[in-house]
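Below: one structure, written as structure tokens.
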Amino acid sequence: MDQKEFEKLLLTVQKPGRYSGGEINSVIKDKEKVDVRFAFCFPDTYEIGMSHLGMKILYSLFNEREDIWCERVFAPWVDFESVMREKSIPLFALESRDSIKDFDFIGFTLQYELCYTNLLNMLDLAGLPLRSADRQSLSPIVVAGGPCCCNPEPVADFVDLFFIGEGEEVDLEVIDLYKEFKKKGGSKRDFLREAAKIEGVYVPSLYDFSYGEDGTITSVTPRDGAPAKIRKRIMRDMDKSYYPEKFVVPFIEIVHDRAVQEIFRGCIRGCRFCQAGFIYRPVREKSADTVNRQAKALCESTGYDEISLSSLSTSDYTQLEPLLNKMLEWTEPEHISLSLPSLRVDNFSKELLDKINHIRKSGLTFAPEAGTQRLRDVINKNVTEGEIFRTCKTAFEGGYTAVKLYFMLGLPTETDEDLKGIAELGQKIVDLYYSLENRPKGKSVSVSISVSTFVPKPFTPFQFEPQIEKEETERRQKVLKYSNTCKKVNLSWHDSSTSFLEGAFARGDRRLCGVLESAFRKGCKFDGWNECFDLDKWSEAFKENGIDPLFFSARKREYDEINAWDHIDCGVTKEFLIREHEKALAAVTTPNCREKCSACGAACYGEGVCFEKR
Amino acid sequence: MRNVRLFYIKTGRMKFLSQLDMNRLMTRVIRKSGLPVWYTEGFNQHIYINYAVPLSLGFEGLYEIMDIRITDDEITPENIAKQLNSAAPDGIEFLRAAKPVKPTVEIAFAEYELIFPDEDNGIYKDLREFLSQESVVCLKKDKKGRMKEFDIIPKIKKTEFLSNKVLLVLSAGNEGNLNPSLLLSAFFENTGREPVFCEVKRLMLFDRELKPFV
């Protein structure tokens with residue numbers, strides 16, 4: 001591609017910085033001197049993809065190796081896509097601007113179900129056949145990883161090979177195997193068969209599915225020596241696990257425009273709706289020294305003036321106080337602000353607030369998730385109303401005037417009383433603010449309540465539950481709307497039609513591949529974006545393929561049904577999920593991993609919280 | 001603490017950066033370089049940077065100027081430029097650092113190079129003709145966002161037409177700044193030409209006496 005011509009075209013689209021490349025810390029290598037070229041694709045916009053920590057880790061890890069050149073690829077926004085199609089510009093990697101069609105690997109990270117059409121669109125823009133079976137040569141091998149791969153079936157026909165679990169080790173093992181095959185001129189078929197023997201690798205073409213008359217799966221049969229169960233990979237020792245010293249620093253503003261320091265993986269809580277809380281088990285912490293050292297290096301190499309401590313539940317980090325003390329020693333003189341996302345209401349102390357207050361004061365966000373204690377017990381969100389009030393009181397007395405609360409609608413066993421409870425909770429927080437003698441003087445309070453629609457996910461105790469249908473979702477949204485009478489409480493909720501699609505793909509099987517392809521052919525892409533999502537096209541796509549999406553999303557599943565993801569093993573056993581489901585229906589809570597082990601199965605990895613002294 | 005004026009170029013991929021992007025980048029480059037710079041002391045503390053004349057997205061600049069404050073009296077201008085270059089991405093290069101001679105409000109003119117890479121010589125002829133008119137009035141938003149009539153001809157100090165490019169010296173700075181894109185859109189509109197791609201490069205910033213601004 002002529003560079004001048006290309007740059008001219010960039011000046012005709014929104015935010016050319018999405019496509020220009022050349023950012024600080026981006027890696028340029030001599031393509032003649034590497035053995036493997038890896039196109040790391042994030043199937044959404046630059047601003048979203050560049051905010052993703054997993055991509056930063058793997059990008060740096062791969063590029064540490066002299067024989068691999070990993071480059072970044074994002075989904076072009078619709079304006080640039082039409083320019084690319086009109087001018088026949090194939091999908092390219094940002095660093096070299098080379099077409100990714102000739103790369104050795106095209107790797108996708110699948111973070112949410114609504115990006116699946118973008119995966120197809122990107123393969124198409126690259127000029128590749130969509131289906132794995134139609135790509136016969138050894139390269140490019142299309143691989144995928146990320147949390148959605150715990151149920152890879154809805155994209156099984158398009159992807160050659162999935163990485164299950166954490167990628168730091170298994171990705172490189174597969175790349176090394178590929179190098180051997182490339183050298184000796186091996187076939188794709190033989191490569192995939194061999195790769196399937198590596199722990200954490202799932203090659204979907206090696207598994208046959210059969211279905212019964214009622215449409216449920218009757219058997220999943222591996223072929224050619226592929227394992228019956230694919231076991232998730234994890235990094236056992238987080239202190240020894242690779243972490244980048246450099247991040248690519250974007251020119252344009254991205255969603256999370258700051259340094260991100262991971263402090264632990266997994267979550268001790270076991271909230272029953274939360275997929276991340278199960279698939280990333282067991283909890284494995286980094287030591288405060290490691291975190292401090294890595295965070296400092298990151299700030300120095302990027303010039304960022306903000307760093308966030310990232311995890312699923314940051315206030316559960318056992319060494320949070322000593323860590324913050326250590327970090328404040330250098331962040332304050334360096335004018336670096338610390339942010340702590342994912343705090344819980346039940347262990348949010350005044351001391352912690354004071355530490356965050358050292359630098360910057362913005363709004364506080366908490367997630368009670370449900371409006372009544374009964375429903376919070378059902379979902380195992382072990383948070384009481386008293387704790388919520390205590391936290392808000394601490395925050396208000398510390399000078400905060402805005403609180404944001406996250407809830408879910410459509411949780412199992414939910415009644416209208418639970419919905420009214422959400423509005424009541426908002427009202428009570430407003431009342432609390434005005435009852436405080438030492439609230440911020442002369443300022444009004446604002447309580448924002450954001451309500452998303454619950455989608456049952458695989459590997460959670462709610463994987464057996466039906467998702468409520470569109471009409472019922474809309475009815476409940478109305479109940480919620482009319483139960484809020486307070487002007488200081490600002491209520492917002494999500495569109496129900498995308499949740500419906502997400503629900504079908506979350507627990508769907510490979511019969512959805514045809515639907516996905518039809519939807520893509522009709523022009524569906526960026527389904528997570530309101531301006532692009534087109535429900536009518538999706539409905540047509542389902543109809544044309546003779547598939548009822550509600551079969552996957554709105555059906556109660558028996559415990560003995562074979563689910564599309566049952567051959568994936570993420571450590572947590574189905575027996576545990578069944579036990580948790582039964583406890584949920586009885587509104588009985590389960591203690592967190594540090595209080596008491598509930599024998600979920602994740603101890604099989606021999607590391608982490610399962611072996612901490614209690 | 002002392003004021004330091006930095007002279008730098010912005011070329012290549014850096015032309016895709018807006019002024020906002022540029023400010024973010026410079027902040028990070030300075031932080032990464034480890035230079036001891038002065039931070040403002042307000043509610044939202046940030047590195048003090050003053051850009052002489054911001055450059056539009058899409059343009060390249062060979063004589064860009066920004067002022068910062070250095071809190072260390074020992075470090076030499078050469079080392080300031082060197083340290084910044086070690087942290088800067090391709091396309092940004094610090095040419096030198098120096099003590100400011102004049103305040104930036106004294107910038108009065110800027111020289112631009114315009115090239116139409118896909119056009120023949122005819123377009124330069126048409127442009128020459130267009131600019132030789134007594135007056136060309138076009139609409140421009142003023143600081144309050146109202147549309148205002150604006151004659152571009154008095155804002156053109158000098159034109160020089162070469163075989164495949166044109167050099168223009170235009171009013172620049174706080175008062176009566178004329179952006180080449182405004183001139184170009186007036187040109188396309190008034191002559192009924194289809195707008196075509198034009199490469200714009202800012203070559204120099206001048207004071208009122210048309211001496212390079214320092």
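A few points about this structure:
- Per the conditions (1) over 30 Å from B:Ala98 (Cα atoms); (2) modelled with pLDDT of 95 or more, the sole criterion not satisfied by B:Leu114 is (1).
- Residues located in segment A:281-298, provided they are touching a Leu at 6+ places or on another chain (Cβ under 7 Å) and part of a loop (DSSP other than H, G, I, E, B): none
- Cβ pairs under 6 Å, 6+ apart, first in segment A:18-42 and away from chain B (no Cβ under 14 Å), second open to solvent by 30 Å² or more (accessible area, probe 1.4 Å) and at pLDDT 95 or above: A:Asp35/A:Lys179
- Residue check, B:Pro212 within 14 Å of another protein chain (Cβ to nearest Cβ) and not β-branched (Val, Ile, Thr): no
- Given (1) buried (at least 21 other Cβ atoms within 10 Å of the Cβ); (2) under 21 Å from A:Leu411 (Cβ atoms), index of the condition A:Ala541 fails: (2)
Listed here are the residues, each with its yes/no results for (1) touching an Asp or Glu at 6+ places or on another chain (Cβ under 9 Å); (2) aliphatic (A, V, I, L, M); (3) more than 29 Å from A:Phe389 (Cα to Cα); (4) open to solvent by less than 30 Å² (accessible area, probe 1.4 Å).
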position: A:Ser308; (1), (2), (3), (4): no, no, no, yes
position: A:Ser315; (1), (2), (3), (4): yes, no, no, yes
position: A:Pro322; (1), (2), (3), (4): no, no, no, no
position: A:Pro333; (1), (2), (3), (4): no, no, yes, no
position: A:Ser337; (1), (2), (3), (4): yes, no, no, yes
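- Looking across segment A:299-315 at every residue that is more than 7 Å from A:Ala259 (Cβ to Cβ) and in contact (Cβ under 8 Å) with a residue 60 or more places away in the chain, the one that is nearest to the other protein chains (Cβ to nearest Cβ) is identified as A:Gly303.
- Filter result for the condition that a residue is of a type outside the set (Phe, Trp, Tyr), within 13 Å of another protein chain (Cβ to nearest Cβ) and open to solvent by 20 Å² or more (accessible area, probe 1.4 Å), over B:Lys15, B:Lys82: B:Lys15
- Filter result for the condition that a residue is surrounded by fewer than 20 Cβ atoms within 10 Å (Cβ to Cβ), among the polar types (S, T, N, Q) and closer than 24 Å to A:Asp44 by Cβ, over A:Asn490, A:Asn530: A:Asn530
- Of note, A:Asp171 does not satisfy the criterion of being part of a loop (DSSP other than H, G, I, E, B) and in the same structural domain as A:Phe62 (by TED's automatic domain parsing).
- Only one of A:Phe38, A:Phe108 that is under 30 Å from A:Ile263 (Cβ atoms), in contact with a Leu (Cβ under 7 Å, 6 or more places away or on another chain) and buried (at least 24 other Cβ atoms within 10 Å of the Cβ): A:Phe108
- Residues of segment B:28-42 satisfying the condition of being open to solvent by 30 Å² or more (accessible area, probe 1.4 Å) and facing chain A (nearest Cβ under 10 Å): B:Arg31, B:Lys32, B:Gly34, B:Tyr39
- Residues located in segment A:1-35, provided they are surrounded by fewer than 16 Cβ atoms within 10 Å (Cβ to Cβ) and under 29 Å from the mean Cα position of the chain (by Cα): A:Gln14, A:Ile28
- Test for A:Gly54: is it surrounded by fewer than 19 Cβ atoms within 10 Å (Cβ to Cβ) and under 18 Å from the mean Cα position of the chain (by Cα): yes
- Flag if A:Ser60 is touching a residue at least 12 places away in the same chain (Cβ under 8 Å), open to solvent by 10 Å² or more (accessible area, probe 1.4 Å) and either more than 14 Å from chain B (Cβ to nearest Cβ) or part of a helix (DSSP H, G or I) (or both): yes
- Filtered residue count, segment A:488-503, keeping only those that are of a type in the set (Asp, Glu) and under 19 Å from the mean Cα position of the chain (by Cα): 1
- With respect to the stated conditions, A:Ile89 is away from chain B (no Cβ under 14 Å), modelled with pLDDT of 95 or more, assigned to a loop (DSSP other than H, G, I, E, B) and open to solvent by less than 20 Å² (accessible area, probe 1.4 Å).
- Single residue of segment A:459-493 satisfying the filter (of a type in the set (A, V, I, L, M) and in a helix (DSSP H, G or I)) that is farthest from A:Arg376 (Cα to Cα): A:Val479
- Test: residue in segment A:425-442 that is within 22 Å of A:Val378 (Cα to Cα), among the β-branched types (Val, Ile, Thr) and touching a helix residue (DSSP H, G or I) at 6+ places or on another chain (Cβ under 8 Å): no
- Counting only strands (runs of 3 or more DSSP E) wholly contained in segment B:96-190, the ones carrying 3 or more residues that are open to solvent by 60 Å² or more (accessible area, probe 1.4 Å) occupy B:137-141, B:147-151, B:156-162.
- The helices (runs of 4 or more DSSP H) located wholly in segment A:523-614 that include 1 or more residues which are basic (Lys, Arg) occupy A:535-544, A:574-585.
- Residue check for A:Lys420: open to solvent by 20 Å² or more (accessible area, probe 1.4 Å), over 20 Å from A:Thr590 (Cα atoms) and at pLDDT 95 or above: yes
- When segment A:3-17 is filtered for residues that are at the interface with chain B (Cβ under 9 Å from one of its Cβ atoms) and assigned to a loop (DSSP other than H, G, I, E, B), the ones remaining, listed by number, are A:Leu11, A:Thr12, A:Lys15.
- Taken as a whole, the condition of being at pLDDT 95 or above, assigned to a loop (DSSP other than H, G, I, E, B) and either out of contact with any Cys (no Cβ under 9 Å at 6 or more places or on another chain) or among the acidic types (Asp, Glu) (or both) applies to A:Pro456.
- Count - residues of segment A:275-291 that are surrounded by fewer than 21 Cβ atoms within 10 Å (Cβ to Cβ) and either in the same structural domain as A:His52 (by TED's automatic domain parsing) or of a type outside the set (Gly, Ala, Ser) (or both): 2
The values are calculated or read from the model by the stated rules, or taken from the named source; none is laboratory data. Only a predicted model underlies this, so the values are computations on that prediction, with no experimental measurement involved. Neighbour counts are summed over all protein chains in view; Cβ atoms, including those assigned to glycine, are modelled from backbone coordinates with ideal geometry. Just so you know, the surface numbers come from the protein's heavy atoms only, side chains and all, with ligands and any DNA or RNA stripped out. Shrake-Rupley method; radii C 1.70, N 1.55, O 1.52, S 1.80 Å.
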